[in-house]
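Take a look at the structure below.
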Amino acid sequence: MTPVRTPEPVRAKPDAVCVAAVEPAREAAIAEAGAAQVGEHLGHLVEGERLVTHYFASTHPGYRGWRWAVTVTRASRAKNVTINEVVMLPGDVAIVAPEWVPWSDRVQPGDLRPGDLFPTAPDDPRLEPGFADTSDAPEDVLTVVEELGLGRERVLSPFGREEAAERWYAGDFGPTSPIAQAVPYKCHSCGYWIRLADSLGQAFGVCANEMAPGEARVVAYDYGCGAHSDATIDISEPPTPDHAFDTTGYDTLELTEPEVSVTPRAAEELAED
């Protein structure tokens, strides 16, 4: 249900018959919603000459804080009122739906998923007509056209270029990012930095270092990180510490024949053999 704002009171003399028509207004609300959903009378509002709106609390569990608004009117010199309108309106504490936003404004960067289409407006200021008619061009011209990126119906406009440059320069891969401020190296002197072939290449390129945070992303000319190609360190062979136990050397030991004592009986047996 679309919420409707309560109109501002007008400067009109209250009509006594319309103001007193509480019960006819209640009956109209009950006829619309049922007796179980119409609560106490909350007051009235003078909408105009012989035009009064009576408010009744809504007792529906899903519409807490809402109210039934029954507008009654009376013809000149008539003794009875006529029901003009019966609607449900939100009160000050009612839960209402957020203000409707067009889908084109709700979609944010990163929302696009496989299979989704995000149409571009015909008057998108970021685009302008390109050189698209190449049907009669010779083969050698078509090669140049493809190399220069021509043949497209629309191309990036100067406004689109400027908007993209400002967004990229102020983003996570611009010179003001914390990581760029913490290192002296800049991308324009890095061997991994590939300059854009477009006119935006004056200030932007693509990082080709898989160890860098900006790898495969558009990075600014004066962005930088610790994975710069010139960030080399001379690593010398570390000294070998002394072993706690000598396991590399050996000791020469002289072995002597052990003395064997032979009993007389054993000596006789050896002699017999």
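The values are calculated or read from the model by the stated rules, or taken from the named source; none is laboratory data. These numbers come from a predicted model, not from an experiment. FYI the Cβ positions are ideal-geometry reconstructions off the backbone, even for glycines, and counts take in every protein chain you see. All accessible areas refer to the heavy atoms of the entire protein, side chains included, with ligands and DNA or RNA removed. Shrake-Rupley method; radii C 1.70, N 1.55, O 1.52, S 1.80 Å.
What is the sum of charges, Lys and Arg at +1 and Asp and Glu at -1, for the other residues whose Cβ falls under 13 Å from the Cβ of Leu200?
Around Leu200, the surrounding residues sum to -1.
Taking K and R as +1 and D and E as -1, what net charge do the other residues with C-beta under 13 Å from the C-beta of Asp124 add up to?
Summing Lys and Arg as +1 and Asp and Glu as -1 gives -2.
When Lys and Arg each count +1 and Asp and Glu each count -1, what net charge do the other residues less than 9 Å away from Thr71, Cβ to Cβ, add up to?
Overall, the nearby charge balance is -2.
Under a plain spin-label model, where a point goes 7 Å from the Cα along Cα-to-Cβ, how far apart in nm are Arg64 and Asp136?
Each label point is offset 7 Å from its Cα along the Cβ direction, giving 7.4 nm.
Sort Val144, Val19 by heavy-atom solvent-accessible area, probe 1.4 angstrom, most to least.
In descending accessible area the options line up as Val144, Val19.
Taking 0.36 nm per residue of separation and subtracting the Cα-Cα distance, what length does fully extending Ala94 through Ile30 add?
Full-extension gain reported as 21.0 nm.
Please give the solvent-accessible surface of Thr232 in Å², to the nearest 10, using a probe radius of 1.4 Å with every protein chain present.
Counting only protein heavy atoms, the figure is 110 Å².
As an exercise, use a Förster radius of 25 Å and the Cβ-Cβ distance of Lys13 and Glu85 to find the FRET efficiency, rounded to the nearest 0.05.
So, using R0 = 25 Å, E works out to roughly 0.75.
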